[in-house]
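Take a look at the structure set out below.
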């Protein structure tokens, strides 16, 4: 008889935990729905800024790179996952024609750089 009581009590506790877990999962789902739109809007704003950013001839490449890296960091914080090659490709596409030789060399030699190393290489090219 005591075993039945203990099993019954354990069953009640498990049912309560399951109901609590189910309501927690519903709450998480509701939060994702509520804030998902805000997150999406934020991502759209950052992506628009990123793709519309073009370096102007004669401006420092360091300033441009820091701006681009800021956008890319914001996207990462917002949950957008991009591989390193795509990040570099976005930066290279934003450079002015004076960096065309650098971009062509980058692709022909199949270089693979982090954004920080790319910044260093671009600054060296700019100094030349």
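Tabulated results
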{"read-out": "Segment 53-127 shape via C-alpha gyration tensor axes, a/c threshold 1.5", "value": "oblate"}
{"read-out": "Extension gain from residue 107 to residue 128, taking 0.36 nm per residue of separation minus the Cα-Cα distance", "value": "5.6 nm"}
{"read-out": "Label-point gap, in nm, between residue 93 and residue 53 - each point 7 angstrom along Cα→Cβ", "value": "1.4"}
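Laboratory data are not the source of any read-out in this text; all were calculated from the coordinates shown. The shown structure was predicted, so the numbers you read here are calculated from the model rather than taken from an experiment. A quick note on method: Cβ atoms are made from the backbone with ideal geometry, for glycine too, and the neighbour counts reach across all protein chains shown.
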